[in-house]
1. For the range 183-203, enumerate the residues that are aromatic (F, W, Y) and either over 30 Å from G102 (Cβ atoms) or part of a strand (DSSP E or B) (or both).
2. List every residue pair whose Cβ atoms sit under 7 Å apart, with the two residues 6 or more apart in sequence or on different chains, where the first one lies in the range 36-62 and is of a type in the set (S, T, Y) and the second, anywhere, is not in a loop (DSSP other than H, G, I, E, B).
3. What's the total number of residues in the range 243-285 that are in contact (Cβ under 8 Å) with a residue 40 or more places away in the chain, open to solvent by 50 Å² or more (accessible area, probe 1.4 Å), in contact with a Pro (Cβ under 7 Å, 6 or more places away or on another chain) and farther than 21 Å from T139 by Cα?
4. Can you pull out every residue in the range 24-45 that is among the polar types (S, T, N, Q) and within 18 Å of V294 (Cα to Cα)?
5. Could you please find all residues in the range 241-259 being out of contact with any Phe, Trp or Tyr (no Cβ under 7 Å at 6 or more places or on another chain), at pLDDT 95 or above, over 21 Å from Y15 (Cβ atoms) and not charged (D, E, K, R)?
6. Pick from V157, V136: which is over 19 Å from S178 (Cβ atoms), among the hydrophobic types (A, V, I, L, M, F, W, C), touching a helix residue (DSSP H, G or I) at 6+ places or on another chain (Cβ under 8 Å) and at pLDDT 95 or above?
7. Identify the single condition in (1) open to solvent by 50 Å² or more (accessible area, probe 1.4 Å); (2) among the hydrophobic types (A, V, I, L, M, F, W, C); (3) closer than 23 Å to R277 by Cβ that M191 does not satisfy, given that it satisfies every other one.
8. If a residue has to be under 16 Å from K167 (Cα atoms) and of a type outside the set (A, V, I, L, M, F, W, C) to count, how many in the range 105-142 make the cut?
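The values are calculated or read from the model by the stated rules, or taken from the named source; none is laboratory data. Just so we're clear, the structure is a prediction, and the values are computed from it rather than from any experiment. Don't worry about glycine lacking a Cβ; one is built from the backbone with ideal geometry, like all the others, and counts go over all protein chains shown. Heads up: the accessible areas ignore ligands, DNA and RNA and are worked out on the full protein's heavy atoms, side chains in. Shrake-Rupley method; radii C 1.70, N 1.55, O 1.52, S 1.80 Å.
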Amino acid sequence: SVTVQAFTGTYGINYGRIANNILSPDDVVTLLRAAKIKNVRIYDFDQSVLKAFSGTGLELVVGLPNENLRDVSANADHAMNWVKDNVLAYLPDTHIRGIAIGNEVLGSSDEFSGFLLGAVKNVYNALDKLKLSHLVQITTAHSQAVFADSFPPSSCVFKDNVVQYMKPLLEFFSQIGSPFCLNAYPFLAYMYNKDQIDINYALFLPTKGADDPKTKLHYDNLLDAQIDAAYAALEDAGYGKMEVIVTETGWASHGDENEAAATANNARTYNYNLRKRLAKMKGTPLRPKSVLKVYVFAIFNENLKPGPTSERNFGLFKPDGSISYDIGFHGFKSSSADSSLLSLKVQGNSSIQLVRLLLHNINNGYCTTACVVKMVIEH
């Protein structure tokens with residue numbers, strides 16, 4: 001049987017919405033299509049988002065939040081109803097390609113740890129009964145808190161208090177062909193270890209790098225080392241063939257006084273170099289043939305996120321859709337821009353000029369569907 005793939009290509013993005021000032025889901029679709037970003041993750045199953053993505057061709061991973069794990073784990077009927085209401089009801093028009101069961105459940109507190117595997121199995125079984133298991137992939141994302149040591153990469157193993165939950169989860173994922181999903185942040189690693197880590201190493205900039213004495217492999221950037229640490233932990237646990245996908249990474253563009261590395265220049269450098277790294281379609285030193293897949297965090301700066309200032313400043317875009325810094329994406333063009341374009345008088349051969357204008361506006365992300373219809377009617 002062919003294993004379902006929730007991620008096609010190498011570059012994706014997380015669509016966090018802990019904010020009260022960001023663009024509507026319909027405008028987000030316009031923004032993402034203009035940026036040619038196809039793979040998108042959300043942290044819940046918001047109906048307005050699922051409807052907005054309908055008919056767009058964008059590929060979506062929806063989330064079952066941690067607070068839902070207990071009910072879905074305890075009751076197979078709850079899992080079935082959830083899948084029917086939030087996945088089946090939107091297929092095939094909305095391309096839901098994956099379900100993330102919880103987020104960073106293991107490794108910190110054990111509040112939800114005991115419910116994770118049951119929820120995973122019940123949701124998968126619901127998909128299977130609905131004949132959707134070949135279309136929708138089941139995953140869960142882990143923070144680096146599940147690891148005991150991560151440097152050198154070859155020394156990485158899972159923490160003792162995590163193994164009891166991780167081993168059966170990995171066993172089930174290996175049976176259904178799911179990857180190991182990792183939230184990896186060189187930004188955080190650097191913040192906690194400024195004396196040991198060269199910031200150039202964290203930002204994909206030229207540096208002497210680091211060597212792994214056991215494998216004799218050389219690392220020229222921290223993200224590759226973090227990913228290979230995950231591969232080493234998987235190998236130690238008996239699942240060395242499982243693919244690692246990075247479900248979150250990014251760099252804050254603004255922070256508190258004690259977060260000096262959180263600058264727009266560093267964020268631009270990290271995200272620009274990450275895009276170049278992914279465009280090379282290559283793997284890591286330990287898994288050179290496994291092309292790296294990464295979801296960047298995140299589309300927007302989210303003004304309602306708790307914690308330090310950096311937490312609210314990981315967006316590639318500002319809340320209004322303008323770029324936070326330039327890594328090659330164009331910002332969202334507002335309705336005022338559409339209006340100015342609509343006011344242009346078409347001279348001469350109006351049909352040809354109108355078509356050219358429409359194509360220009362669509363290709364550059366200036367126009368929504370409503371904009372196109374309005375232009376056609378008015379001209």
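1. Quick first cut of the range 183-203, residues aromatic (F, W, Y) only: 185, 187, 190, 192, 201.
Residue satisfying the conditions is Y201 alone.
2. Partner pairs satisfying both residue conditions: Y43/G63; Y43/N103; S48/P25; S54/Y90; T56/V29; T56/R33.
3. Count: 1.
4. Taking the range 24-45 as the starting set, the residues that turn out to be among the polar types (S, T, N, Q) are 24, 30, 39.
Within the range 24-45, N39 is the sole residue that qualifies.
5. G255 - this is the single residue of the range 241-259 that is out of contact with any Phe, Trp or Tyr (no Cβ under 7 Å at 6 or more places or on another chain), at pLDDT 95 or above, over 21 Å from Y15 (Cβ atoms) and not charged (D, E, K, R).
6. Only one candidate qualifies: V157.
7. M191 satisfies every listed condition except (1).
8. 9
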